[in-house]
Amino acid sequence: MILTRIKVNEIVQWCLEGVPLPNNLDLSDLLELNRREMMALLTSFSSGGRIDGERLAPVDPHQEVWAAGVTYLRSRQARREESGVGDLYDLVYEAERPELFFKALGWRVAGDGQAIRVRGDSCWNVPEPELVLVVNRLGEIIGYTAGNDVSSRDIEGENPLYLPQAKVYRGSCALGPGIRLCVAGEMADLPIHMTIERAGRVIYDEGTSTAGLKRNLYELVHYLTCELDFPKGVFLMTGTGLVPGGDFTLMVKDLVRIKVGELVLENPVSME
């Protein structure tokens, strides 16, 4: 089952397989429940007519999006290439404790078809396609969505303490197009694919799989939630195994298409 957040005539509506949920029910309400209660509630609704509209990011405005870094070998290699202190990322990759950082509040997140941005004070910007876990208030993984952790590599490479500026800015996070409800075991070997088009021509086309994740999904959620409460649930980006080379940077009007499992997230690039 897939949950989507749709806007029709200025009204925002959560839908299950395109069928609207009751108007007074949002994702935060669902993520306050345990997984069994949530699934029972969703399956109790009688089917109705499907609706179509603008697909918004599948996150409520004040929910938090967090991210994990250096969770794939390719990510570690990329961080070493961009930084003068590459051994720091080796330590993070091998450490028991993962790197976790805040990425966005829901109201800042771009949805499918909406624009992502490159920083005006950066000259080396890349998209990072990621499996994004959807976690309820109890720390249970209830599903996933596709995510783009847009990053300014030159800013982080200058000094690792600049990570928040490299990762957290207007237009740096995209999620969508919906939430695939499933158990964590179904995410063990999900294909992840990214293409980038420029002026109608594909300039990047690569794939990987979540099987390359060094960290266990439960482990990442444990470290995020062991000293933080998320009463309305939380989204956790799990890191990237696809990083374009050092000769690539995003440009305005590029089109980034990310596929995670069956979900396809597409975003044009802007500087506005």
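The values are calculated or read from the model by the stated rules, or taken from the named source; none is laboratory data. What you are looking at is a predicted structure, and each value in this text was computed from that prediction instead of being measured. For neighbour counting, all protein chains shown are included, and Cβ atoms are generated from backbone atoms with ideal geometry for every residue, glycine included.
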Residues of the stretch 213-272 that turn out to be of a type in the set (D, E, K, R) and out of contact with any strand residue (DSSP E or B) (no Cβ under 8 Å at 6 or more places or on another chain), as a count
6
Test ILE51 against the stated conditions and say whether it is among the β-branched types (Val, Ile, Thr) and either under 22 Å from LYS232 (Cα atoms) or assigned by TED's automatic domain parsing to the domain that holds LEU181 (or both).
no
Is one or more of the residues making up the stretch 195-203 surrounded by 19 or more Cβ atoms within 10 Å (Cβ to Cβ) and in contact with a Ser or Thr (Cβ under 9 Å, 6 or more places away or on another chain)?
no
Where residues in the stretch 39-72 are among the charged types (D, E, K, R) and touching an Asp or Glu at 6+ places or on another chain (Cβ under 6 Å), which of them is nearest to ILE116 (Cα to Cα)?
ARG55
Kindly indicate whether any position in the stretch 54-72 is modelled with pLDDT of 95 or more and either of a type in the set (D, E, K, R) or in a helix (DSSP H, G or I) (or both).
yes
Keeping to the stretch 214-258, report how many residues are at positive phi and surrounded by fewer than 19 Cβ atoms within 10 Å (Cβ to Cβ).
1
Inside the stretch 118-215, counting only strands (runs of 3 or more DSSP E) that do not spill past its ends, which hold 2 or more residues that are hydroxyl-bearing (Ser, Thr, Tyr) and in the same structural domain as LEU236 (by TED's automatic domain parsing)?
141-149, 201-209
Can we say GLU262 is under 28 Å from HIS62 (Cα atoms), of a type outside the set (Val, Ile, Thr) and surrounded by fewer than 19 Cβ atoms within 10 Å (Cβ to Cβ)?
yes
Let me confirm something: among LEU3, LEU25, which residue is under 21 Å from PRO231 (Cβ atoms) and not in a strand (DSSP E or B)?
LEU25
Within the stretch 229-244, the residues that are modelled with pLDDT under 95, farther than 23 Å from GLY120 by Cβ and of a type outside the set (S, T, N, Q) are GLY239, GLY241, LEU242
Any chance you could count how many residues in the stretch 211-259 are closer than 18 Å to GLU186 by Cα and free of Cβ contacts under 8 Å to residues at least 60 places away in the same chain?
2
Among the residues of the stretch 18-64, write down those that are in contact with a helix residue (DSSP H, G or I) (Cβ under 7 Å, 6 or more places away or on another chain) and among the β-branched types (Val, Ile, Thr).
VAL59
Could you please tell me which pairs satisfy a Cβ distance under 7 Å, a separation of 6+ or placement on different chains, a first residue in the stretch 27-46 that is closer than 20 Å to GLY176 by Cβ, and a second residue that is charged (D, E, K, R)?
LEU27/ASP60; SER28/ASP60; SER28/LYS232; LEU31/ARG137; LEU31/LYS232
The stretch 10-20: number of residues that are closer than 15 Å to LEU181 by Cα and in a loop (DSSP other than H, G, I, E, B)
2
For the stretch 212-237, how many residues meet the condition of being polar (S, T, N, Q) and touching a Gly at 6+ places or on another chain (Cβ under 6 Å)?
1
